[in-house]
Amino acid sequence: MSSSMASARTRSHSAPTTPRRAIAPSAWNASMSFRLRVIPVPGYRMPGPYRKGRAESAPPRFRRASATCRNRQIWSSIAHRTRGLPNSNALKQPAEVAWAPVMDVARAWGGNPVEQHAKRVAMALALFAAIGLVPAYAEELEEVVVVAKPIRASQISAIEAKRNANNVADIISADAIGRFPDQNLADALGRLAGLAIERDQGQARYVSFRGSPKRYTTTAFNGIDIPGVENGRIPRFDAYPAVITGQVVANKAITSDMPGESISGYINIKAFRPSDVRGWSATAEYGIGEQDLGGGSIDRRNARVSYSNDRFGFLVYASDNLREQITDNREMEYAGTQGNLVPVLLDFRNYFVDRGDKAYGGSVEYYLDNGGRVYVDVLSTEFTDAEERNQWVFNFPADIPAQRGTIPNASVTRALEDGDYINETDVVTLGADFSIGDWDVDASYSQIDTWFDSYLPVPYLLGFNQVSNVFYDLSDAQEPILTFDERLQDVEYALPLFAELFGTLDTDAKQFNIHVNRSNRWGELKFGFKHDDRDATGGGAPLSVVISGFGIPVEPFYVGPWDTEFNNTIGGYHANNRAIRDALEANGLTRAPFPPEEVLALEETIMAAYIMQTIDRDWGNIVLGVRIEDTDYETAGSRLVGTTFEPLHVSRTYTNVLPSAHVNWDFRDDQKLRFSFSSGISRPTYIEARASASINPVGRAVVGGNPDLEEETSWGVDVAYEWYFAEASILAVTVFHRSIDNVIGEANERVLGSIYSDIAPPGEMWTLQAFGNGKDGRLQGLEISFTGRLDNYMEGFWSGFGVEANLTLIDSEYTTVQGAKLDLPGQSDSAYNVSLFYENYGVSARVSYRYRDAWVDETEAVAFDDPTAIWWDEQKRLDFSVRYDLEELTGYKVQVFVDANNLSDETDVRFTGRAWNPNQVEAYGRRYVAGVRLSI
């Protein structure tokens, strides 16, 4: 069956010889207007007994469908769309539906989203036949052919999930992720209203949720909270490939059954389940491509296999993505004013980058007779980043002309880094869903391990006034021109050094969750409990000079000139840094241990309990709840006793009460209003709250973490309007506000010196250069999103066109510890996404453009009394993707695809204070991938 065409057949009750008659347009519209509303709650599996069609064994949440809000919304929508049709009153009591005829269709449920789209139509027809709704039309209808399109199917899935949610949320379906040219989940999430991405060397890594700091967002995998791999809090998304993802839910207004540590949002990554498809199912994809700057190769491979029957199911998956690229980088420091810049230093860099992400895992499920299940989920991800950096830094003397000039000499420093970054996340979950009387119980135990490690050995060459007759031109501040008389290869360096920069964080978490719910006279009562134990160990050496002179000449390791899109007036070139590192290790180089003052150890226990009542009304529902979270942590560091470091232990306990309320009002059949109040917290990261610090007893100063940091607290409101004006279409407008206290930033704090050293007299205050709590944070904004399709209004070639677009406008502010007022880090004043798509005749194509305004990246300079901050300038990306379905040609479910990223070859710019004062400019080139996807 074609992936762009599926058929649902309803046999006539009359004699086979009865000729097929056309259905009157009005009858067709009436009978089919509801066809895609009969779908299961997203993520809910079809249990084994349900497949067997035994009404008495239907799961409790279906037996009580009329009393639960999420199912009631679906049924009420169907009832409205069938009002006035024969037997439409049968829909008022869904609990009395005879399930057996429907299950004949449910058994066939499976395949890709295109087939599921069509099979939902078939199930709807079978359901209405079962309750006697369609006999009047059955005599006129022998076969219904439903044209289903992949983009349309994914839009329907996401929009229906949004419509049926009890809170303000946006959803991405798996098929939507696969049909954008996105490299990872961060890229995909950045296409939603209110979400923007932050990149590292051009590749999406972090998500800024509604213009807030990255730590204000919590990430979960199948509802299990995942600690941030780098610092215990901040989630990274560059290691999650699409193959593991069935659906991503970006919750913007938090309900009480969600983690309290979600000031801005809660992102739940829902994996595919074995029971999503009946019987055997498999999909595999292979793609190859190129990064055009430097010709780096791209290799993309993933596969997924599943099987399920009435009693058990299993699923396994694997993904392996490799990317080679050149990152062309210039960094600079200027003095002066706009139009009169004076160079302080010019830093020319070029990187060989070899990145990879791997993921594998699976699920095993055993289905119980009462509709429940017992399951084991396994997920393992790994992100690796190997970087070779060739770098020359030119330092200029004081009192030189602005903008352009010639000076006698300048000093040159050279670095030849060969570094490695590794992130790993492993999650194993044992869980069960079952019923006890009228209560539904979901319980799980998870073991979560995350590991982050970075190691950057850097041969470092210092010199003084090695180049002469130095000419500079800053007419283009982002691409300065620099020339001198010497060849760069001939420059000599007086002092060779070797430096190491490294850090590690290993986090072990054990998490138990239980959720219990049942129907009651008002709707649904739900309560639950979570116990989360975390141990984090690690340390670092931000910059540790290990060797004065490393005894290996670097000139023999010359490779060739840089690949660059900027000018190369200095004559920059690549050396084989990996070979240099190998030679150093052969000479006895080993990784140094952590300095005692930089060792990190932290234990944290989070216990949470919540209760939530959903009150169902004819016009919608009200969801009221409260969550209580208790946090107990202890951090270990060092205390200076005389000249000896001794262990230092600092502990803190605090409790937060977090109420929430949500009103979902279906004031018209196709329009909804939502009113939400929510509250949340953001705990300090493990780096911010660590007790470890470097201690200077002479200067009475300490540099390190601040274990006395208070958690950030917030409350907020959301008001959302949603208009489902046509199938697979929506117009949504949301306004929101968050009030945030104790905003964390880098700062100079005054602390008791006796905490860190016994030489400090009682009561003497020392300077702690670490982190502090600001105040008066606020965040408010407007989100508008639109999805529309011409095939709702016309047929033929032009019906294949459609558009998805969203706009976000945000304003924020907070007061630093020193009293300066700044935007919250990560907040852009405006951001928008526009995607024009076409799907027809087996072709599925998109052209996508995204934009985000400038945002604050770092506030360290402000925190240390410099009146400027570090900003990223506005960013733009133009992407293209096309897929072509070969099933009609080959008889197999085969697609070929082409993805292209950064077609406009954008350059990313960071600046200090004002856009005319850049401090970093990076280019990466375009990216192309072509491949094939096979499904069975």
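In a shell of Cβ-Cβ distance under 11 Å around residue 885, excluding residue 885 itself, what net charge do Lys and Arg (+1) and Asp and Glu (-1) give?
Result for the local shell: +1.
Summing charges over neighbours of residue 928, with a neighbour being any other residue whose Cβ is under 10 Å away from its Cβ, gives -1 when K and R count +1 and D and E count -1. Summing Cβ point charges (Lys, Arg +1; Asp, Glu -1) relative to the Cα centre of region 325-461 gives a dipole of roughly 1080 debye. Amide H contacts of residue 210: 195, 196, each under 5 Å away and 5 or more positions distant or on a separate chain (H built 1.01 Å from N in the peptide plane; Pro and chain starts excluded). The length gained by stretching the chain between residue 537 and residue 582 to full extension, at 0.36 nm per residue less their Cα-Cα distance, is 13.3 nm.
Sequentially through region 487-499, phi angles give Karplus couplings (6.51, -1.76, 1.60; θ = phi - 60°) of 6, 4, 5, 9, 5, 9, 10, 7, 10, x, 10, 10, 10 Hz, Gly and Pro residues having no value and appearing as x. Computed from backbone phi with θ = phi - 60° and the Karplus coefficients 6.51, -1.76 and 1.60, the 3J(HN,Hα) list for region 193-198 is 4, x, 10, 10, 10, 10 Hz; x is used for glycine and proline.
Equivalent-ellipsoid semi-axes (√(5λ), Cα gyration tensor) for region 274-935, whole Å, largest first? Walk me through the intermediate numbers first.
On the way: eigenvalues 429, 256, 156 Å².
Over the Cα atoms of region 274-935, the semi-axes work out to 46, 36, 28 Å.
As a rough guide to protection, the peptides 283-292, 345-354 ranked by mean Cβ packing within 10 Å, highest first, stand as 345-354, 283-292.
Per-residue 3J(HN,Hα) values for region 733-738, derived from phi via the Karplus relation 6.51 cos²θ - 1.76 cosθ + 1.60 with θ = phi - 60°, read 10, 10, 10, 8, 9, 10 Hz in sequence order (x marks Gly and Pro). Tally Lys/Arg at +1 and Asp/Glu at -1 over every other residue whose Cβ is under 15 Å from the Cβ of residue 406; what's the total? Combined, the nearby Lys, Arg, Asp and Glu give -3.
Amide H contacts under 5 Å for residue 404: 474, restricted to partners 5 or more places along the chain or on a different chain, H placed in the peptide plane at 1.01 Å from N. Across region 274-935, the relative contact order, built from alpha-carbon pairs under 8 Å that are at least six residues apart, equals 9 percent. For the residue pairs 252/530; 162/530; 214/270; 530/672; 775/876, the alpha carbons lie more than 29 Å apart in 530/672; 775/876.
Every read-out reported here was derived from the displayed coordinates using simple, explicitly stated rules and does not represent laboratory data. Keep in mind that what you see is a predicted model, and the values were worked out from it rather than measured. Reconstructed Cβ throughout: ideal geometry from the backbone, glycine too, with neighbour counts over all protein chains shown.
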